[in-house]
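Here the structure comes first, spelled out in structure tokens, and everything after it is commentary.
The values are calculated or read from the model by the stated rules, or taken from the named source; none is laboratory data. Just so it is clear, the model here is predicted, and its values are computed rather than measured. Heads up, the Cβs are rebuilt from the backbone with ideal geometry, glycines too, and the neighbour counts pull from every protein chain shown.
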Amino acid sequence: MSNKRKVCKHCREYFPAEGMIKVPVGTFCKFDHVTLWLAEKNRKEAEKKHKQQKRVKVESKKKDKARLRELRKRSAWYADLQILVNQYVKYRDTDKPCCTCGTTNPNIKYDAGHFHTRKARPDIRFELTNIHKQCSQQCNVFGAGMRNEFEKFIAEKYGPDHVEMLERVRPPLKEQFPNWQDVYAEIIRYRQLLRSVGVKPKI
């Protein structure tokens, strides 16, 4: 009788070689361990396949998302950035009155009003000193922005020279943000800025 011993592929214990079960996948101490080993092998293979499929899906989703970002129009990127800039201005001016009429009525809606409108001066639509808290209906809508009062507010807050500075035309947005990635980086910056002060970004 041979004293040779072999290890069971499933339980990793040693047994006399002559009493072990030999199958194409290896040597086992009993049939139950063949079944258990195969079941574990199939489970690991299924898990590996699932992880691979998940990784491929994630990578594909990233590529699709990146492609969609590349295809987005500039106007869409600017709209997203404007939402965050306006949200930041409203946070910044939370405890301040309307910049043009001085109301502090807590029961009305307030906007992030532009001194130079976005349509008239797209080059400074994101300039924070051009945007301030303004009551929505009386001043921003019905009062068409109350330009004279707005100018006086800016002159008092930043100095008369700042009014002149805002009057000067700046490079167009295409030059300020040559690529969509530049706008996106600014979006990320404002998101981080809002989160740092405990405000959840709207987008």
Sort out which residues of the range 78-120 are in contact with a strand residue (DSSP E or B) (Cβ under 7 Å, 6 or more places away or on another chain) and assigned to a loop (DSSP other than H, G, I, E, B), and write them in order of number.
93, 96, 98, 99, 100, 101, 103, 108
Has the range 70-82 got any residue that is under 20 Å from residue 190 (Cβ atoms), in contact with a Lys or Arg (Cβ under 6 Å, 6 or more places away or on another chain) and of a type in the set (Ser, Thr, Tyr)?
no
Based on this model, can you work out whether residue 200 counts as in a loop (DSSP other than H, G, I, E, B), modelled with pLDDT of 95 or more and in contact with a helix residue (DSSP H, G or I) (Cβ under 9 Å, 6 or more places away or on another chain)?
yes
Every listed condition ((1) in contact (Cβ under 8 Å) with a residue 60 or more places away in the chain; (2) farther than 30 Å from residue 66 by Cβ) holds for residue 174 save (2)
Contacts under 6 angstrom Cβ, first residue in the range 91-111 being more than 16 Å from residue 150 (Cβ to Cβ), partner part of a loop (DSSP other than H, G, I, E, B) and of a type outside the set (Val, Ile, Thr), 6 or more apart:
104/97
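Residue-by-condition table, conditions (1) among the small types (Gly, Ala, Ser); (2) at positive phi:
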position: 129; (1), (2): no, no
position: 138; (1), (2): no, no
position: 141; (1), (2): no, no
position: 145; (1), (2): yes, yes
position: 149; (1), (2): no, no
position: 155; (1), (2): yes, no
position: 170; (1), (2): no, no
Under 9 Å between Cβ atoms, at least 6 apart or on separate chains: pull out the pairs that start in the range 139-156 with a residue that is in contact (Cβ under 8 Å) with a residue 24 or more places away in the chain and over 18 Å from residue 127 (Cα atoms) and end on any residue that is acidic (Asp, Glu) and part of a helix (DSSP H, G or I).
139/149; 143/149
The residue from 192, 181, 176 that alone is surrounded by fewer than 11 Cβ atoms within 10 Å (Cβ to Cβ) and out of contact with any strand residue (DSSP E or B) (no Cβ under 6 Å at 6 or more places or on another chain) is 192
How many of the residues in the range 10-26 are buried (at least 17 other Cβ atoms within 10 Å of the Cβ) and either without any contact (Cβ under 8 Å) to a residue 12 or more places away in the chain or in contact with a helix residue (DSSP H, G or I) (Cβ under 8 Å, 6 or more places away or on another chain) (or both)?
1
Residue that is among the β-branched types (Val, Ile, Thr) and more than 29 Å from residue 153 (Cβ to Cβ), where the choices are 94, 35
35
Can you name the residue in the range 116-162 that is among the polar types (S, T, N, Q) and exposed (fewer than 13 other Cβ atoms within 10 Å of the Cβ) and is also modelled with the highest pLDDT among such residues?
148
If I go through the range 3-12 residue by residue, how many of them are farther than 18 Å from residue 41 by Cα and touching a strand residue (DSSP E or B) at 6+ places or on another chain (Cβ under 7 Å)?
2
Candidates 95, 123 - the one that is under 24 Å from residue 201 (Cβ atoms) and among the acidic types (Asp, Glu)
95
